[in-house]
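Bear in mind that the values in this text are calculations on the coordinates, not laboratory data. Just so it is clear, the structure is predicted and the values come from calculations on it, not from any experiment. Here the Cβ is made from the backbone with ideal geometry for all residues, glycine too, and neighbour counts use every protein chain on show.
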Amino acid sequence: MSGPVIIVFGITGDLSKRKLLPALYHLLSQDLLPSDTQIIGISRRPLTTEKLLATVELCVLEKDNICDPEGLARVRNALQTLQLDPKNPSDFEALKHLLDKLDQTHKRERLFYMSVPASAYDPIITNLAAHGLNEQRNRLLLEKPFGHNLKSAGQLLKLVDSAYHESQIYRIDHYLAKETAQNVLAFRMHNPIFMPLWNAEHIQCIHIRALEALSIEERADFYDQTGALRDLIQSHLMQLLAITMMDIPADTSSHAIHRSKAMFLEQLLPADPAEAVRGQYDGYKSEVTDAGSHTETYARLQLEHATERWQGTEIILETGKALSEKTTDIVIEFKNPRERRRNNLTFQIQPNEGIGLGLVVKEPGFENHMRHAALEFSYSQVFAEQQIDAYERVLMDALRGDQALFASDREVLATWRVLDPVLEVWNKNDHGLQPYVKGSEGPPQD
Ligand code: BG6
């Protein structure tokens, strides 16, 4: 069996440089991909293989501080580039010709990786299908955000569905592929002591945060059209919420996991704009072309779930750029009918990956003073193995045909339905947009 062909649209973009190219380098240099794997880097502008290879080296150096020449040589063997205008059918003719040539000895699996904004999907997908590049062995990897709101997500789903079967479609949410995020469901399934407590009778609040110290970097145009709500909440945080609160699936098959997630997300109540907070860091307007931009770089939502199991549990999703630190965590706060202090369970997704259980204990001494103390499990102390990078996992799972760590069509629609009321209000004007200082904790909370 020959190795796959990975065709990357938008190979020179920011996401590709930060995540995808280093992941491809690692997989090839560690022999995790067949040695005859082929990568076709597609770009609208002229791009030589040598130039792309130099970019790979730079990106790997930036990420790891070291780039192994042997690993880079493997990338060189796999890599070629193709200039393509997504609106020009004859460029797709050239792509098809190239792919047919690579099929000479064996038919290869193909992975079309869309590292471009969803607004650019239409001509690419239409042209791929028109050239027969949608038969069963072709898979489509789509980056988030999948759409701009409920309506556009619906249209996009139709477009993609008209060309590819759901089993060929991989909607990426790389947070699901993080080792620590995978442990949320595994933890719930294999630690039955927590099962009876997993409901509104015992859980006061579930707070999920993805705070970033990075600002918008080189993605001004993309970010200004996207904002924090679409960039992180619609995808990553909603997915983390689903795996934290959904009913435990009957088994760990991709189908059962998607069914459970979709059922949970479909019963979230639409977000109330009056409970939503948005902020923008000082100086943002000078980083983007629209000097009057009211795009939020910080968002905080309060949600409710309609089921009896979760009615009354507060749900908070929070994200922001240019904050004091990078941290992603899920904090589950348990009720305590006897006193103010509460137990909590924290899944530290990144960095310092681990799980902590907050207890209330007596301070040593004559008085009966209580205080918080934590039981902590840290990945780095317990496991010698290095964690697999999320993008490496995304690529490997897509090549293996395992959709468990991707988002389904139902999940995508359900998340936009929850966010639409807030998006509608926020799109209108900058009312309530709170400025905050770069490197701070975000807008002041009441
Ligand atoms: C991406 C967002 O999906 O996730 C970026 O578009 C964000 O804005 C990134 O910086 C964060 O990913 P990670 O894995 O570095 O936490």
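Report, in whole Å, the centroid distance computed from the Cα atoms of region 368-438 and region 76-133.
31 Å
With +1 assigned to the C-beta of every Lys and Arg and -1 to the C-beta of every Asp and Glu, and no other charges, what is the dipole magnitude of region 5-107 about the Cα centre in debye, to the nearest 20? Please list the in-between numbers first.
Numbers: 13 positive and 14 negative charges, 64 e Å.
For this selection, approximately 300 debye.
Output the Cα-based Rg and Dmax of the chain in Å, rounding Rg to one decimal and Dmax to a whole number.
Expressed in Å, the Cα Rg and Dmax of the chain come to 22.9, 84.
Please compute the net charge surrounding ASP103, taking Lys and Arg as +1 and Asp and Glu as -1 over other residues with Cβ under 15 Å from its Cβ. Present the calculation step by step, with values, prior to reporting the outcome.
On the way: positive: LYS96, LYS101, LYS107, ARG108, ARG110, ARG137; negative: ASP36, ASP100, GLU109, GLU135.
Result for the local shell: +2.
Using only Cα atoms, figure out Rg for region 317-431 and give it as a multiple of 2.2 N^0.38 Å. Working shown, then result.
Working: Rg = 20.5 Å, N = 115, 2.2 N^0.38 = 13.4 Å.
Ratio of Rg to 2.2 N^0.38 Å for region 317-431: 1.54.
About the Cα centre of the chain, what is the dipole size in debye to 20, counting +1 per Lys and Arg Cβ and -1 per Asp and Glu Cβ, all else neutral?
On the way: 47 positive and 62 negative charges, 89 e Å.
Taking the Cα centre of the chain as origin, the dipole is about 420 debye.
To the nearest 10 degrees, how steep is helix 49-64 against the longest Cα principal axis of the chain, on a 0 to 90 scale?
Once rounded, one gets 20 degrees.
Remind me, what semi-axes does region 243-340 give for its equivalent ellipsoid, largest first in whole Å, using sqrt of 5 times each Cα gyration tensor eigenvalue? Numbers along the way, then the final one.
Numbers: eigenvalues 206, 72, 42 Å².
They are 32, 19, 15 Å, listed largest first.
Taking +1 at the Cβ of each Lys and Arg and -1 at the Cβ of each Asp and Glu, which of ALA414, VAL277, LEU317 sits farthest along the dipole of the chain towards its positive end, judged by Cα position relative to the Cα centre?
Among ALA414, VAL277, LEU317, the one farthest towards the positive end of the dipole of the chain is ALA414.
Report the full-extension gain for the segment ASP221 to SER253: residue separation times 0.36 nm, less the Cα-Cα distance, to one decimal in nm.
Values: separation 32, 0.36 × 32 = 11.52 nm, distance 3.84 nm.
Stretched out fully, the ASP221 to SER253 stretch lengthens by 7.7 nm.
Tell me, what is the FRET efficiency for ARG309 and SER152 to the nearest 0.05, using R0 = 35 angstrom and their Cβ-Cβ distance as r? Walk me through the numbers before you get to the answer.
Values: r = 32 Å, r/R0 = 0.91.
Computed FRET efficiency for ARG309 and SER152 comes out at 0.65.
Please go through the residue pairs LYS144/LYS261; LYS19/LYS158; LYS178/LYS321 and name each one whose alpha carbons sit more than 22 Å apart in this structure.
On the way: LYS144/LYS261 17 Å; LYS19/LYS158 28 Å; LYS178/LYS321 20 Å.
Where the Cα-Cα span goes over 22 Å, the pairs concerned are LYS19/LYS158.
Against the empirical 2.2 N^0.38 Å scaling, what ratio does the C-alpha Rg of region 1-93 come to? Write down the numbers at each step before the final one.
Values: Rg = 13.1 Å, N = 93, 2.2 N^0.38 = 12.3 Å.
Against the empirical 2.2 N^0.38 Å value, I get 1.06 for region 1-93.
At a 10 angstrom cut-off on C-beta neighbours, averaged per residue, how do the peptides 229-235, 206-212, 92-98 rank from highest to lowest? Numbers along the way, then the final one.
Working: 229-235: 25.1, 206-212: 21.0, 92-98: 15.6.
Final packing ranking: 229-235, 206-212, 92-98.
Under 19 Å from a label point 7 Å along Cα→Cβ of GLU325: give me every residue in region 334-357 with its amide N that close.
344-357
With +1 on the Cβ of every Lys and Arg and -1 on the Cβ of every Asp and Glu, and nothing else charged, how large is the dipole of region 46-204 about its Cα centre, in debye rounded to the nearest 20? Working shown, then result.
Numbers: 18 positive and 20 negative charges, 57 e Å.
With only Lys, Arg, Asp and Glu charged at Cβ, the dipole is about 280 debye.
Between the helical axis of 409-428 and the dominant principal axis of the chain, each derived from Cα atoms, what acute angle in degrees is found, rounded to the nearest 10?
Rounded to the nearest ten degrees, it is 70.
Going by how many other Cβ atoms sit within 10 Å of their own, how do TRP310, TRP198 line up, fewest first?
Values: TRP310 20, TRP198 17.
Placing the least packed residue first, the sequence is TRP198, TRP310.
Report, to the nearest 10°, how far helix 121-130 tilts away from the longest principal axis of the Cα atoms in the chain, using its own Cα long axis and a range of 0 to 90°.
Roughly 40 degrees between the two axes.
Suppose each label sits 7 Å from its Cα in the direction of the beta carbon; what would the ARG338-LEU98 distance come out to in nanometres?
6.8 nm
Which listed residue (THR49, ASN134, GLN267) has the Cα farthest towards the positive end of the charge dipole for the chain, taking +1 on Lys and Arg C-beta and -1 on Asp and Glu C-beta about the Cα centre?
Farthest along the dipole direction, towards plus: ASN134.
To the nearest 500 deg cm²/dmol, what mean residue ellipticity at 222 nm is calculated for the chain from DSSP H runs of n ≥ 4 alone, each contributing -39,500 (n - 2.57), summed and divided by the residues? Provide the component values of the computation, followed by the final result.
Details: 14 runs with 154 residues, N = 446.
That calculation yields -10500 deg cm²/dmol at 222 nm.
Along the positive direction of the dipole of region 52-204 (beta-carbon charges: Lys, Arg +1; Asp, Glu -1; about the Cα centre), which of LEU99, LEU61, THR180 reaches farthest?
LEU99
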